[in-house]
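Engineer: Could you have a look at this structure, given as structure tokens, before my questions?
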4 protein chains.
Amino acid sequence: MKALVYHGPGQKSLDERPRPSLAAPTDAIVRMLKTTICGTDLHILKGDVPTCEPGRILGHEGVGIVEETGPAVATFRPGDRVLISCISACGRCAYCRRGMYSHCTTGGWILGHRIDGTQADFVRIPHADTSLYRVPEGVDEEALVMLSDILPTGFECGVLNGKVAPGSVVAIVGAGPVGLAALLTAQFYTPAAIIMIDLDEGRLDFARRFGATHTFNNARDDVVGAVRALTEGRGADTVIEAVGVPATFELCQDLVAPGGIIANVGVHGHKADLHLERLWSHNIAITTRLVDTETTPMLLKTLAAKKLDAAALITHRFTFDQILEAYETFANASRTRALKVIISH
Amino acid sequence: MKALVYHGPGQKSLDERPRPSLAAPTDAIVRMLKTTICGTDLHILKGDVPTCEPGRILGHEGVGIVEETGPAVATFRPGDRVLISCISACGRCAYCRRGMYSHCTTGGWILGHRIDGTQADFVRIPHADTSLYRVPEGVDEEALVMLSDILPTGFECGVLNGKVAPGSVVAIVGAGPVGLAALLTAQFYTPAAIIMIDLDEGRLDFARRFGATHTFNNARDDVVGAVRALTEGRGADTVIEAVGVPATFELCQDLVAPGGIIANVGVHGHKADLHLERLWSHNIAITTRLVDTETTPMLLKTLAAKKLDAAALITHRFTFDQILEAYETFANASRTRALKVIISH
Amino acid sequence: MKALVYHGPGQKSLDERPRPSLAAPTDAIVRMLKTTICGTDLHILKGDVPTCEPGRILGHEGVGIVEETGPAVATFRPGDRVLISCISACGRCAYCRRGMYSHCTTGGWILGHRIDGTQADFVRIPHADTSLYRVPEGVDEEALVMLSDILPTGFECGVLNGKVAPGSVVAIVGAGPVGLAALLTAQFYTPAAIIMIDLDEGRLDFARRFGATHTFNNARDDVVGAVRALTEGRGADTVIEAVGVPATFELCQDLVAPGGIIANVGVHGHKADLHLERLWSHNIAITTRLVDTETTPMLLKTLAAKKLDAAALITHRFTFDQILEAYETFANASRTRALKVIISH
Amino acid sequence: MKALVYHGPGQKSLDERPRPSLAAPTDAIVRMLKTTICGTDLHILKGDVPTCEPGRILGHEGVGIVEETGPAVATFRPGDRVLISCISACGRCAYCRRGMYSHCTTGGWILGHRIDGTQADFVRIPHADTSLYRVPEGVDEEALVMLSDILPTGFECGVLNGKVAPGSVVAIVGAGPVGLAALLTAQFYTPAAIIMIDLDEGRLDFARRFGATHTFNNARDDVVGAVRALTEGRGADTVIEAVGVPATFELCQDLVAPGGIIANVGVHGHKADLHLERLWSHNIAITTRLVDTETTPMLLKTLAAKKLDAAALITHRFTFDQILEAYETFANASRTRALKVIISH
């Protein structure tokens, strides 16, 4: 089969690889229909993820058809159309029992990282019963690919951890795909205002189209002053960090209201300053989270009920043969204005 | 009347001052029976609290008898024995409505800080209806003084924010009075283990007597290794920071388990490093809080039911004439082994 | 002044009465601008509320202008435009501290019940600081009248107690004004489906216009079968009872899914059968609540942010001189298709 | 092997039966070490559980040694000592994902009910990975048998659903084994008072020994008056129904405070009256639950930490040969004063 293989920092190619086969009774083999590329795939290609070794097939998102199942798989049969979660979950370890699938002792984020991933004709999915989801009737499969990772990430790490509530003020720092995913799902809870902050005017355009009530460019605007002005000096109830660098995390500390929450979504490579000399008495919470995808069933219901415009995140479409071009487009998002790309087999 | 007055960094004296009088219809004047000294009083005396101006009567804790009430005070009458909360709360601003009394727009921590405090024969208490609590029948008044500040602080900022639960593992960094208050109240929720960490062997002795299941001296022990060994490598579910310096806050980051909480109690004067490059994916929360004393009614019930040995925190007793000596004893805790002192009129 | 006075079962008239005056330092006198009529007013007129004595001025809803304030009122000044809450709250008793204002020991639902109410030119409001709300800039005052009682009732007793969540299925039994208020506010949480059930086709028309995804007439349809069919046999996650008779409460027991909630909103005059022989093992909750109006600040924010179409509930408008006609229209809702009437001074 | 077999209402015998064998890849065969008898086993024998057919081996509690595992069992190996949960959980259906194992679509309470149970030399356990728990080091195995059903039942259905909190007042109606299990585990949360109510003085003796602060005999005492007197007229914050008849459920409605919870634990055979005409405005909740045993890991930790005296529930011990005598003893508890019996192989 064809597969997109990581060959060390800066190197990847579309190679011929053997089809995967069942390795455990709880595995399934899925024939891929559609996949996408994640910011994390770019991180791997920069060499930032040393746990991902050369030779690895990348990708942890997608929709496909079950080809084969191990004898212990009870929920799926060959021919079933399925959504693949970016997180593999055994469903029985102490972390899985708490819904903390990201820390599953034999799963977590392993696809396209510690085991071969979804940017291929076929993929082996461990713990299939608790890592795949049946495609609901009448749901657009392209939209569905957005539920593998980006929408649960924005929703769980940003919106749920941030306790977005009716009438509240939400500020999201970073209007890239994951910040926009938080913006889309924050609207489930009807906040009074959603303020998006980014350096890129193109992304702030998307933000306005996706429901932001206010947008600011932190290259140019006095963001802290503006958020204070909008909130009678208090700050935002929920601040979502969706970039992953110290400067934006520190900006969040200036934006949060007393009693508020900073919900970190960004993947950080460096420590940041935490201004406890000011925040110790502000009754705030800071949360971190690797997406658990425990809300996938809930998101599937909102998608099936037409309450979530997941497809809005898709800007470009490619065939699997064109995957190198898809990477090129996605990696140059400020020029191409790409959010998420769909790659179809 | 006599009053302990702050005269600028390093200077205090027991002065003659006029008796306070009612300034608002919601005020009460309380004749003090018993008070105590808080670590915050020492901070003020070091000059660390610039919002406290010279000439201020110190003290924000105590028990007394209502002497006089404003016309709008509905709950108390002269002669009522009352507990004074360290936090004044109007009960009607947006913060008070949420139980976040520490941020009351006309209250918060003002006693012995922005207005004259309780280390005097009499004190004026604003918002009396929502800042005083009737002394329950049969409750020891010395024990009750511990409910003005230190016990709600350890309980709300440490135990409640830290979500201590039956069977969980709690680590408390700092075995001073507030860390010990967290230790006492953590036991309301029956954790499996409470690990106390301090540099002072005398305080670790107190900790063992107060119910710690394990104690470590971080001058000597490999605390991180020891906590990992006790938890199959995971770390503690709840980590309570009860010191207030960067080094201890950073230690907490090494002690917390995935899915756990760092509940900050310490008063910090400096920023700390937050290791987001490691913690971003650990599904943790960090909380800060200035005590709200919204749990005072709950704590009064546990005290009246003999479920809380608040008096255990009291190590020394003085008369109000001896308050300078009481300060001396409290300020030299490592030598005197003082936890909390009681000062009686 | 003019006032609508209850004179015993079946009897009311528009009488001349003296203007109210301040009775406590925490009182305010409000000059009424707009009021409305509640189903509870009709209950009183039927003689169903024996705690309401003849001679009482009715009404517990409205918007007005502060005319005079007692010396302890800190938040409002003469000339302030205010929303009147149907619940008076002292803000300091144990119930108020928990946000359970409905059970305030010196307040609760007293307006137009135990003390004179808002269907008059002026009204005395006890505990003014915690029972009035400033009218936000740019908010329509007619819409605002819906926030005195009906919207917080539907929201708190139905939607919040019922834990409506994104993707969930909600069934509301009763499409009268309060059921429709639950329907409007349930949408804050983006459920997948909201099923409205009533005997009156006109009200089901309103329901469809207000966002119901499915409507059933329980005079004609097999409602239980239909809800099961929509939910793969499970039932609804949240069932809201908004009628107040045994038959509808018992219907709710047939509609609720395992793990679901029946949130009672209806005012009941009789006991109902609870089918514990079936429900004991269904992991359900049943909740009851007299509205606390503790969410009024949240609802004001959603209204100001144009996220809540409160005005949609208003079907008829009258001047205060026409209040007897307004009662006539409201009492004959099935003929007049009245939901809420606005009565303006 | 030997097995206790149900042969229809009123009939049981200790029979010779073939050893069970693996039926699914996720099964385990467990050799029983210790089991017990549940009130539910007596219900079956009375013919009250029509879903349990004659020929069924009874029993859903116990501790044993894994004898054999299916190829998909990942957590256990032959020779492992295990606790058997009364609830079988697949860990992957929508109910299991929510921790609602009692409603597992291929599990739930099936042992000794729909499939053969634990009152035998061997038992087949479906979904072994998520239905068995490793015996912690140093834990008494007899005490552990109490964690199969009775302690999680009292804890989940009574204490957790009832939101027992520090300083609160708990009333438990019924001091049988499950009421006493609620009493033991309620103490995890340090309520101010736990009031036990029963008709049997012997059981009230147990209650006092197990930590009840007050006991009342509802054959003799004015229980409602007594609970009101203890709570300044309010009633209990948490009322736990642990009997299962209409009269006791109706008593609970008289005992609950405004804002309180009635947590039903009892297995009911008949409907009860729900006094909505009084309770509609009392802001209460009523909960029902079939035990999920999702707290078994938590209970194991409290047991291992010596925070739960589970063995206190054991009053009698038998060998498996004496199981008919054990039934006799357990079924005549008022005479024998039996709570739980241990049956050892």
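Engineer: How many Å² of accessible surface get buried when D and C come together, counting both sides, probe radius 1.4 Å, rounded to the nearest 100?
Structural biologist: 3100
Engineer: Pick from B:T40, B:T75, B:T248: which residue has the top mean-square fluctuation in a GNM of chain B where Cα pairs under 10 Å get a spring?
Structural biologist: Its mean-square fluctuation being the largest, the pick is B:T75.
Engineer: Another one. Given contacts defined as C-alpha pairs under 8 Å and at least six residues apart, what's the relative contact order of the stretch B:152-287, whole-number percent? Spell out each step's value before the answer.
Structural biologist: Details: 297 pairs, mean separation 34.2, N = 136.
That works out to 25 percent.
Engineer: Grab the other residues whose beta carbon is less than 13 angstrom from that of B:V223, score K and R as +1, D and E as -1, and report the net.
Structural biologist: Its environment carries a net charge of -3.
Engineer: Using a 10 Å Cβ count of at most 11 others and DSSP loop calls, identify the longest part of chain C lacking such trypsin sites (Lys or Arg not before Pro).
Structural biologist: C:1-219
Engineer: Right, next: Which residue is it, in chain D, that holds its beta carbon closest to the axis of the D-onto-B rotation, and how many whole angstrom away?
Structural biologist: D:Y189, 3
Engineer: If you don't mind, there's one more thing I want to ask. Round to a whole angstrom and tell me the spacing of the C-alpha centers of the stretch B:181-251 and the stretch D:187-215.
Structural biologist: Between the Cα centres of the stretch B:181-251 and the stretch D:187-215 lies a distance of 34 Å.
Engineer: What residues from the stretch C:302-345 fall in the zone where the backbone N is under 15 Å from a label point 7 Å along the Cα-to-C-beta line of C:A219?
Structural biologist: Residues C:333-337 qualify, since their backbone N sits under 15 Å from the label point.
Engineer: Rounded to the nearest Å, what's the spacing between the alpha carbon centres of the stretch C:1-33 and the stretch D:269-345? Just the number, please.
Structural biologist: 57
Engineer: Can I ask one more? With contacts defined as alpha carbon pairs under 8 Å and 6 or more residues apart, what's the relative contact order of chain B in percent?
Structural biologist: Contact order relative to length: 17 percent.
Engineer: Got the C:P9 label distances to the other copies yet, label 7 Å along Cα→Cβ, in nm, shortest first?
Structural biologist: List, nearest first: 4.8, 8.0, 8.9 nm.
Engineer: Counting only DSSP beta bridges with both residues in the protein assembly as shown, what percent are antiparallel, rounded to the nearest 5? Before the final figure, lay out each step's value.
Structural biologist: Details: 120 of 228 bridges.
Restricted to the protein assembly as shown, the bridges split so that about 55 percent are antiparallel.
Engineer: Near B:Y95, within a Cβ-to-Cβ distance under 12 Å, what is the net charge of the other residues, with Lys and Arg +1 and Asp and Glu -1?
Structural biologist: Residues close to B:Y95 contribute a combined charge of +2.
Engineer: So what's the net charge close to D:G70: Lys and Arg +1, Asp and Glu -1, counting the other residues with Cβ under 15 Å from its Cβ?
Structural biologist: Around D:G70, the surrounding residues sum to -3.
Engineer: I've got another one for you. Set the Förster distance to 51 Å, then compute FRET efficiency between B:R208 and A:T105 from the Cβ-Cβ distance, nearest 0.05.
Structural biologist: The calculated FRET efficiency here is 0.90.
Engineer: What longest region of chain D stays clear of GluC sites (Glu not before Pro) that DSSP places outside H, G, I, E and B and that have at most 13 other Cβ atoms within 10 Å?
Structural biologist: In short, D:1-136.
Engineer: Across peptide A:97-107, what mean number of C-beta atoms from other chains lies inside 10 Å of a residue's C-beta?
Structural biologist: Mean inter-chain Cβ contacts per residue within 10 Å come to 3.
Engineer: Still on this structure, please answer the following. Which of the three applies to the stretch D:1-138, rounded, prolate or oblate, going by the alpha-carbon gyration tensor with a ≥ b ≥ c and a/c under 1.5 meaning rounded?
Structural biologist: Oblate, since a/c reaches 1.5 and b/c is not below a/b.
Engineer: Sorted from largest to smallest, which semi-axis lengths in Å does the alpha carbon gyration tensor of the stretch C:267-345 give for its equivalent ellipsoid, taking the root of 5 times each eigenvalue?
Structural biologist: Largest first, the stretch C:267-345 gives 35, 22, 12 Å.
Engineer: Based on alpha-carbon atoms only, what is the radius of gyration of chain D relative to the globular estimate 2.2 N^0.38 Å?
Structural biologist: Numbers: Rg = 19.9 Å, N = 345, 2.2 N^0.38 = 20.3 Å.
The reported ratio for this selection is 0.98.
Engineer: Output the 0 to 90 degree angle, nearest 10, between the alpha-carbon long axis of helix B:177-186 and the longest principal axis computed from the alpha carbons of chain B.
Structural biologist: 70
Engineer: Also: Among the lysines, select those whose C-alpha is under 18 Å from the C-alpha of B:K271, and discard any that sit fewer than 8 residues away in the same chain.
Structural biologist: By straight Cα distance, B:K271 reaches A:K271.
Engineer: When ligands, DNA and RNA are left out and all protein chains stay put, how many square angstrom of accessible area per residue does the protein assembly as shown have with a 1.4 Å probe?
Structural biologist: For the protein assembly as shown, the solvent-accessible area averages 34 Å² per residue.
Engineer: Then there's this: For the protein assembly as shown, give the percent of accessible area contributed by carbon and sulfur heavy atoms, probe 1.4 Å, rounded to a whole number.
Structural biologist: Roughly 50 percent of what the probe reaches on the protein assembly as shown is carbon or sulfur.
Engineer: When averaged across all projection directions, what area in nm² does the alpha-carbon convex hull of the stretch D:152-287 cover? List each step's numbers first, then the result.
Structural biologist: On the way: hull surface 28.8 nm².
Its average projected convex-hull area is 7.2 nm².
Engineer: Assuming a ≥ b ≥ c are the square roots of the Cα gyration tensor eigenvalues, decide whether the stretch C:240-287 counts as rounded (a/c under 1.5), prolate (otherwise, with a/b larger than b/c) or oblate.
Structural biologist: prolate
Engineer: Placing a label point 7 Å from Cα toward Cβ, how far apart in nm is A:L324 from its equivalents in the other copies, listed shortest first to one decimal?
Structural biologist: Label-point separations across copies, in nm and ascending: 8.2, 8.6, 9.0.
Engineer: Hey, another quick one. Give me the distance in nm between label points sitting 7 Å out from Cα along the Cα-to-Cβ direction at D:R114 and A:E250, one decimal.
Structural biologist: Placing both labels 7 Å beyond Cα along the Cβ direction yields 6.0 nm.
Engineer: What is the Cα centroid distance between the stretch D:47-106 and the stretch A:143-166, reported in whole angstrom?
Structural biologist: Computed from Cα coordinates, the inter-centre distance equals 34 Å.
Engineer: Would you please classify the overall shape of the stretch B:202-345 from the alpha carbon gyration tensor, given that a ≥ b ≥ c denote the square roots of the eigenvalues, rounded means a/c under 1.5, and beyond that prolate means a/b larger than b/c while oblate covers the rest?
Structural biologist: Prolate, because a/c is 1.5 or more and a/b exceeds b/c.
Engineer: Now a separate question. Extending each Cα 7 Å along its Cβ direction at C:S21 and C:K306, get the distance between those two points in nm, one decimal.
Structural biologist: Using points 7 Å along Cα→Cβ, the separation is 4.8 nm.
Engineer: Let me ask you something else. Once the label point is set 7 Å along the Cα-to-beta-carbon vector, what list of distances in nm do you get between C:L199 and its counterparts in the other copies?
Structural biologist: Label point to label point, same position, other copies: 4.1, 6.7, 7.7 nm.
Engineer: Counting each DSSP H run of 4 or more residues in chain C as -39500 (n - 2.57), what helix-only mean residue ellipticity at 222 nm follows after dividing by all residues, to the nearest 500 deg cm²/dmol?
Structural biologist: The helix-only estimate for chain C comes to -6000 deg cm²/dmol at 222 nm.
Engineer: Give me D for the protein assembly as shown in µm² s⁻¹, whole number, from Stokes-Einstein with Rh from the Kirkwood sum over alpha-carbon pairs, 25 °C and 0.890 mPa s. Let's see the in-between values first.
Structural biologist: Details: Rh = 33.6 Å.
Calculated translational D: 73 µm²/s.
The values are calculated or read from the model by the stated rules, or taken from the named source; none is laboratory data. Everything numeric here is computed off the predicted structure, so don't read it as measured data. Cβ coordinates were reconstructed from backbone atoms using ideal geometry, including for glycine residues, and neighbour counts include every protein chain displayed. SASA here: full protein model, heavy atoms, side chains in, ligands and nucleic acids out. Shrake-Rupley method; radii C 1.70, N 1.55, O 1.52, S 1.80 Å.
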